Every structure is written in C-alpha cells, then in structure tokens.
Amino acid sequence: MKSLNRLLDADLERELPEFTLHSIELSGPTFKGTASLLKRDTAACAKWLFESPLFADYLLVEPMKLYADEDGTDSIIHEMNTGDWWWDTQEVLEKTPNLKGATIVPIILALDKTTLTSYNQMEAYPVYMTIGNIPKALRKKISLHTHILVGYLPTDRLSSIEDTKIRKLTKWDLKHACLHEIFSPLMGIGQFGVEWKSADGKVRRCHPIIASFVIDYPEQCETIGVVGGECVLCKCPHNRLGEHAEFAYRNPEELHAALQLRESSDPRLFTKKMSEIRMHPLYLNWWVGFPYINPFVCVTPDLLHQLRQGIISYLIQWATKLVTRDELNFRSRILPQCHGIRHFASGICTVVNASGQEHANMAAILVGILNDFTPTLPEGAALRIRFIRAVRSLIDFTFIAGFHVQSSSSLDRMDELLNEFHTNKDVFIDLGLRTSFDIPKLHWLLHYVRQIYYKGSADNFDTQFTERAHIDFVKALFRHTNKKDILHQMVRMLERFEKLFGIKILIERDQFSLSSADVESTPTIFQVYEQTLPLRPTHTAKLSDIQDQHHAPHLLRYINKFLVGLRAENPIQQRNLQDATTEETWRIQHLDIFHQLKFNFVDKEGTADIIYARPASRYSKERFDAATVFWPSKDASRGISSEFSG
C-alpha cells in the first residue's frame, strides 16, 4: 500500500490542482488574528469540469427556450439554460464591447458544515463547486466527480473572544475572507473570459460566473450577511413573513452604497446603515468585486430543508397536536400498502431523524389519514374542510415544486395552491395549533415560482446532492486518517482517489460512456404507460382456493358478468347470454394467478406503478392494492365511461 501511495503521489500526473495551505489574516475593528485555509485553484477546477471527456456530448453552452405547445405560450423550464438568468447574463455579455459570442459557465457553489465524530464534535466545513453546463441528471451523480471539493473552511471556535456578538461577527468575517480567497481566481476570467477547449475539440471563450448558492437557510444568512429570521430575497419585515403579499426585492446597489461607509471616520454610520437594510455589519463581503453577480438572487429553492424537512415537518407537528401522536400512528399503520407509497408499520411519528425521502413518504399519506377526522369543536365539520384544504395545498405545492420539468401551467398551479393555503391558513389558529405564521421557510414559498423561472427547475439545486457528497469527500476520507492532522491527510487521500478516477476513465472509457437515458435532452411533461403482465403466471390454483385466499367470495359472479360483457353488444343480448354463460362459468375449476400488474413507460425504461394482489404466504404478508379502473361503457345512453374501484 505504501508503494502504491508513493506511485500515486510522485509518478502520476495530476489533472486537478493540488491543495495548498493559506494563511488568512483578519484585521477588522473587532479582532485581529490569522486562520489556516486549505484550498485549490477554482479556475482550474472549472476548466477541468468543462473540458472533461465524460460530459463533452452533453454540455449546455447556450440558452434555450422550450415550449409545451405549438403556440409557444406554455414555457418549459428544465435545465439552468432554460431560465431567464442565463438569457439576461448572455444579453449583457453580448452588449459589452469585445465580449460578443461568449459562453457562460455558471458556477454553482455549495457549503455545509458537518460533524466528523459524535463523541467530541470534530467538524469539517467543505466547500464544493460544479458548473451549470453539466446537465442536472449527471450533476447529481457524485461518483462521476461532477462536484469538486475546492476547500475546507476553518472551524475555529474563536473562544478567546469573550463577547458573543463580536465572536459571531468575527466568525462570519473569517468565513467571507476564506470564500473570497477560494473563488478569487474566477474574478478576472469571469469578466473578460478565457479560452477553454472542450473534449469535442471546440474552443470557446468561457466566462465562469458565480450563479447559485446551494445552501440551507442558516447558510444563506451567513453567506450573504442577512440578519437571521429575515428573508434573504426581499425586504419583508420579520413580523410580516406570514402575509401573502409582495415586497420589494433587495437591491445590490443599496448594499454597495452601505458598504462604502466602512471606511468612514465614524463606524456607527456603517453599522446604522446596515441595520436599516437588515444586514450584519460585516467588514468583509466575499462576493464584492465578482462580475455579473447579484448575491440576493444567487440563493435558490431548497427542496430538502425548506419543503421536505421544513414545511412537511411543520404539518406533521401540527397534525400531531390536533389528532394526538397515538391516533396518527394508528391511522398510518392501518393504511393498505401501495406501490411507490411507503407503509409505516410502526406509524409515522416513530421515525427518528427522518430523511427528506421519508418526509416525502409521510406527506403522500398525510391527507388520507386526516381526511375523516372532525375536531370536537363548534363548527367542527367546517373546520375540518378548511384544515384539509390548507394541508392538501401545501403538500401539493411541495410535490409540484420538486418536478424535474416545470411548465408555465405547473407554476401557475403552484401560485393557485399557495393562494388556497393563505385563504385557509387561519384554521390552524382557530384550532389552537399556531398563533402566527412568521416562519422564514413558509415565506420562502412566495419566491419559488420567480426563482424557478429565473434559474431553472428547483431540482437543479437540491441540497441533498451535497449531503451525499459529504460521504465521499468528508466521511470516507476521515475514516482513512489516523485522527492526527486530519485535513491534510484527507486532502492527500482525495488527490489519490482523483488520480485513480482519471486512470479508470482512460482504461474503461467505454464503460463510462453515457447513454441518452442518462441525459434527457428533450424533456417531456406527460408520460405514457402500458400495462404488462409476466410471461408466465405466478401459479395455477383451484377456484375455491382463490375465493378463500384472495377474499373474493363473489368471483364466479363477476367472471360471468365479464364474459357476458365481452360477448354481448346490447342489453337484450346480455340477458339472452346470461344463462348460457353462467353454465360455462360453473365448469371453471382452475385459474392462472398473476400476483402483479405493471405499468411501464412507453417512451423510456422504467416502471411507473405496480398493482399487487398477493395472498399471504410463509415468507410474506398478504397484499391487495386498491385500484380505480376506468372501463369504457358500451351503453351510449350513459354518455360517460364507467368507473370501478376495488
């Protein structure tokens, strides 16, 4: 192993830049000192991503407009290049002298502090970077090295500073100084461009521009400098976050004017001005000086923390207060199983530290288990209707916001659902579940449609990707260290893994070729399914056993009705065939049994749904899914198709 490590360290050429140690000096009015920063050249990292042969055939290099209809009225929002930000920035570059024909390289950065151990709270503060030119279907595959670790921020507690407020501001100043140092190589080339040659052989003048911050709400406040509890996008006061009203968006020019007061003789002027715009008086703002950046619109919707672990978690807490924990668990336990819907055998309230997917699974059944609950209050029935409407609207909003492909129609529906929630939200106050709705995550929903139009669908910036990156770039590397000089060992191990990945691409290039199924170049909104059965039945059983095991005592009668319906063309013929068909039905002794019916996608691989009809066995419990069947009626006088549930 040591000889292999020496070979990797010395003899193999590196493709990504190496990590270097930098000393960051803090010389603000509150604290003076130094901190250590491990970082790598972000310009070289962006170049490596853009020139990687893995993504050469799928790079997004120009803005696009997609429509769901022929009239061009229903826009499709998908990748970043379908959003207004790419179009607006491209237009600015085209109007700038000597910059016509530029290729935008959107820089997406992500950072999130994480713990390394549970016993002594050792922490790491990784900073990741990727580019929006890589389709999101590939960006989410961390194993393809679509996200690059570009630095570890210092995690010093600064315990020598006794004043709590000054210590917090100093930590933020240190963070901003480190971020500026990490991304400063992008400043010049982002403004004037640099020639990069992608793997398809084309040379383009690229402009790496800071485009998006994939971070949760506390990180948004720290990274931009907004006071906690305030909206990072607009000027809505904290005590009005629960209102369904539009407020003026934060203006970067107003912030730049306030920052000019940092050098004034009276520091109170700067502090007062920053307090007026509800921002912290930081003396270091890392994004100042970067071209074409508006920090207030760089923040993006966070499906994981804002919706799944935020809004859905709030709804479950409020439902628990209303229904009681035991009742909610009981109702979720007795629900029948269904494909794609998780069955909580112990109840939804027993899940500890639920993940984003688990919260989504809970949301899928929440309306169903609360629908028939009537509060024991005057006008309880009316309160129940308003409560269900409010809960349903938020849950529908959550699921629509997570669509991989958005359209003008779906975004209009999100606005309608948000209006419906605010119309019925007072029911939570009437039921004693809330006293106000001044919740930043709830207020953030007002900005979802605008941000999706501006930056692309919300799953472009899902923080669960970076949560997954922690495993490869932090947790796994930490386990390879001897717990001394941790960060230096971690970055050395990472550099070795990156070299091995480069070798693997060269040796197994064919295995790394990506199919069209990996990248959806022309997104579709409506999916078409087809029903499929296995080639052979699960088994053949006696009719009497089927009636008993499948709980179908009237099976013969329905078989008879089905056969009559196939043969008869009108009601008179049905009556004539009834007796003859019944006689044939009684001769049936055995039937082939299929335990599942699949609904597969027609235009791509994958299964959309499965219906199970499986009796109990030695190895599994019984499962009979409920299904709604639409059966075309042959009776024209009825005017509509028949519908059966069972």
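Could you give the dipole magnitude of the chain about its Cα centre, charging the beta-carbon of Lys and Arg +1 and that of Asp and Glu -1, in debye to the nearest 20? Working shown, then result.
Numbers: 74 positive and 79 negative charges, 338 e Å.
Rounded to the nearest 20 debye, it is 1620 debye.
As an exercise, use a Förster radius of 30 Å and the Cβ-Cβ distance of SER275 and ARG413 to find the FRET efficiency, rounded to the nearest 0.05.
After rounding to 0.05, the efficiency reads 0.15.
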Q: Could I have the simple spin-label model distance between MET122 and PHE562, label points 7 Å from Cα toward Cβ, reported in nm to one decimal?
A: 6.3 nm
Q | Ranked packing of 35-47, 244-256, most packed first, by mean Cβ within 10 Å | A | 35-47, 244-256
Q: Summarise the accessible area of the chain (1.4 Å probe, protein heavy atoms) by the percent that is carbon and sulfur.
A: 51 percent
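Could you work out the relative contact order of the chain? I mean the mean sequence separation of Cα pairs under 8 Å and 6+ apart, divided by the number of residues, in percent. Walk me through the intermediate numbers first.
On the way: 940 pairs, mean separation 90.5, N = 646.
Result for the chain is 14 percent.
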Q.
Just to verify a number: FRET efficiency for HIS488 and LYS168, C-beta to C-beta distance, R0 = 30 Å, to 0.05?
A. 0.60
Q | Lys/Arg +1, Asp/Glu -1 at C-beta; region 56-210 dipole; positive extreme among HIS78, SER159, THR89 | A | SER159
Q: Report the full-extension gain for the segment ASN98 to VAL367: residue separation times 0.36 nm, less the Cα-Cα distance, to one decimal in nm.
A: 91.1 nm
Q) Got a sec? Which residues in region 400-415 would a label at ILE341 touch, if it sits 7 Å along Cα→Cβ and we count backbone N under 18 Å? A) 400
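Work out, step by step, the length gained on full extension between PHE399 and ARG587: first 0.36 nm times the residue separation, then minus their alpha carbon distance; give nm to one decimal. If you can, show how the numbers build up before the last one.
Working: separation 188, 0.36 × 188 = 67.68 nm, distance 5.00 nm.
Going from the current span to full extension adds 62.7 nm.
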Q) Which is farthest toward the positive dipole end of region 405-497 among GLY456, ASN424, ILE471, measuring Cα position about the Cα centre, with Cβ charges +1 (Lys, Arg) and -1 (Asp, Glu)? A) ILE471
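Subtracting the Cα-Cα distance from 0.36 nm times the residue separation, let me have the gained length for HIS238 to LEU21 in nm, one decimal. Don't jump to the answer; show the numbers that get you there.
Details: separation 217, 0.36 × 217 = 78.12 nm, distance 4.06 nm.
The span from HIS238 to LEU21 would gain 74.1 nm if fully extended.
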Q: State, to one decimal in nm, how far the label point of GLU254 lies from the label point of ILE334, with both points 7 Å from Cα in the Cβ direction.
A: 5.5 nm
Q | 11 Å reach of a label modelled at TYR58, 7 Å along Cα-to-Cβ, counting backbone N of region 137-167 | A | 137-142, 144, 146
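How high is the relative contact order of region 211-293, given as a whole-number percent (alpha carbon pairs under 8 Å, six or more residues apart)? Walk me through the intermediate numbers first.
On the way: 63 pairs, mean separation 21.4, N = 83.
Taking the mean separation of contacting Cα pairs over the length of region 211-293, I get 26 percent.
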**Q.** Spacing of the two label points (7 Å from each Cα toward its C-beta) at ASP200 and GLN317, in nm
**A.** 4.9 nm
Q. Quick one: if the Förster radius is 60 Å, what FRET efficiency do ILE429 and LEU506 give, using the C-beta to C-beta distance and rounding to 0.05?
A. 0.40
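The values are calculated or read from the model by the stated rules, or taken from the named source; none is laboratory data. All of these numbers come straight from a predicted model, not from anything done at the bench. With ideal geometry, Cβ positions are generated from the backbone for all residues, glycine too; neighbour counts draw on all protein chains shown. Side chains are part of the model used for accessible areas, which takes the heavy atoms of the whole protein and leaves out ligands, DNA and RNA. Shrake-Rupley method; radii C 1.70, N 1.55, O 1.52, S 1.80 Å.
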